[in-house]
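What follows is a short report on a single structure.
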Amino acid sequence: MVRFKAIIKEGDSFEVEGDLNISKEFFENVIKKKVCDEIEIDGEKYWVLKKDDYYIIDKFECLKELRENAIYDALTKCYNKKQILEFLNKFLNSYLRYKNPYFSVAMFDIDHFKKINDTYGHLAGDFILRELAEVVREQMRKSDICGRFGGEEFLIILPETKVVGAMKFANRLKEAVENHEFIFNKVKIPVTISIGITGVSFNDSIESLLSRVDEALYEAKRKGRNRVEYR
């Protein structure tokens, strides 16, 4: 028995499993263009999600948990790596095509995170990641976008922000983390972050943007950590 109203596998063959009558034409012209959006089928409103090679159609509430798992990191509730890269790709394409909006990117990670895990345990490490995500959200504007890039590394997109503004944000975030009390099992754990900053240019690709901001982060760590560097 299918859990969802319809499941469609993308590929050479067109197969629909479920209770909804969906033509290949409707799939190509409507459903594929409505991922994470609402559609109407036979007078009923449904939502469309894509997971791997499958398009899943059902009521929004039925898909809510699946949608959250598809785009958010389970531990920090920030966007996951796949989703933050999709956002970055959209911002870059818009900038290259329309010269708007300009944006900057910040990449940061937790200084000596392995040592924290080794000293206080992995549950403490998970706590710090969750708590750190809350500190980041408090410092961000509503338009800023944060994703967990992997392990203790995060990526933030700062729309309509020149490098000077990005540096101010990064230094404010660095100080907020350093001054925040991370207390796990009644033990205060000192936490600092290193941050790399870069701004978009007309010669950029996703790879060049990420390479440059990663180099800036590496430079911040090389120069002693708990600092901000720009490339």
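Overview of results
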read-out: Failed criterion for THR76 (all others in (1) assigned to a helix (DSSP H, G or I); (2) not assigned by TED's automatic domain parsing to the domain that holds ILE206 hold); value: (1)
read-out: Filter result (assigned to a helix (DSSP H, G or I), closer than 18 Å to GLU17 by Cα and touching a Phe, Trp or Tyr at 6+ places or on another chain (Cβ under 6 Å)) within segment 58-67; value: LEU63
read-out: Out of VAL164, VAL213, sole residue that is in contact with a Ser or Thr (Cβ under 7 Å, 6 or more places away or on another chain) and more than 23 Å from ILE116 (Cβ to Cβ); value: VAL213
read-out: Selection count, segment 146-168, where residues are in contact (Cβ under 8 Å) with a residue 24 or more places away in the chain and either crowded, with 22+ Cβ neighbours inside 10 Å or farther than 15 Å from TYR102 by Cβ (or both); value: 15
read-out: Strands (runs of 3 or more DSSP E) enclosed by segment 1-57 - at least 3 residues per element that are surrounded by 12 or more Cβ atoms within 10 Å (Cβ to Cβ) and touching a residue at least 40 places away in the same chain (Cβ under 8 Å); value: 6-9
read-out: Given (1) modelled with pLDDT of 95 or more; (2) outside any helix (DSSP H, G or I); (3) more than 20 Å from GLN83 (Cβ to Cβ), index of the condition PHE202 fails; value: (1)
read-out: Positions within segment 79-132 being acidic (Asp, Glu) and assigned to a helix (DSSP H, G or I), in sequence order; value: GLU86, ASP118, ASP126, GLU131
read-out: Residue within segment 176-186 that is surrounded by fewer than 18 Cβ atoms within 10 Å (Cβ to Cβ), touching a strand residue (DSSP E or B) at 6+ places or on another chain (Cβ under 7 Å) and either farther than 23 Å from PHE87 by Cα or modelled with pLDDT under 95 (or both) present; value: yes
read-out: Subset of segment 133-144 that is outside any helix (DSSP H, G or I) and at pLDDT 95 or above - its residue that is surrounded by the fewest Cβ atoms within 10 Å (Cβ to Cβ); value: MET140
read-out: Looking only at segment 145-162, and only at residues there that are closer than 23 Å to ASP111 by Cβ and outside any strand (DSSP E or B), the one that is modelled with the highest pLDDT; value: GLU152
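Residues checked against (1) farther than 30 Å from GLU175 by Cα; (2) β-branched (Val, Ile, Thr); (3) under 22 Å from the mean Cα position of the chain (by Cα):
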residue	(1), (2), (3)
LYS9	yes, no, no
PHE27	yes, no, no
PHE60	yes, no, yes
PHE91	no, no, yes
VAL105	no, yes, yes
ASN117	no, no, no
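The values are calculated or read from the model by the stated rules, or taken from the named source; none is laboratory data. Treat the numbers as computed from the prediction; the structure is a model and nothing was measured. Heads up, the Cβs are rebuilt from the backbone with ideal geometry, glycines too, and the neighbour counts pull from every protein chain shown.
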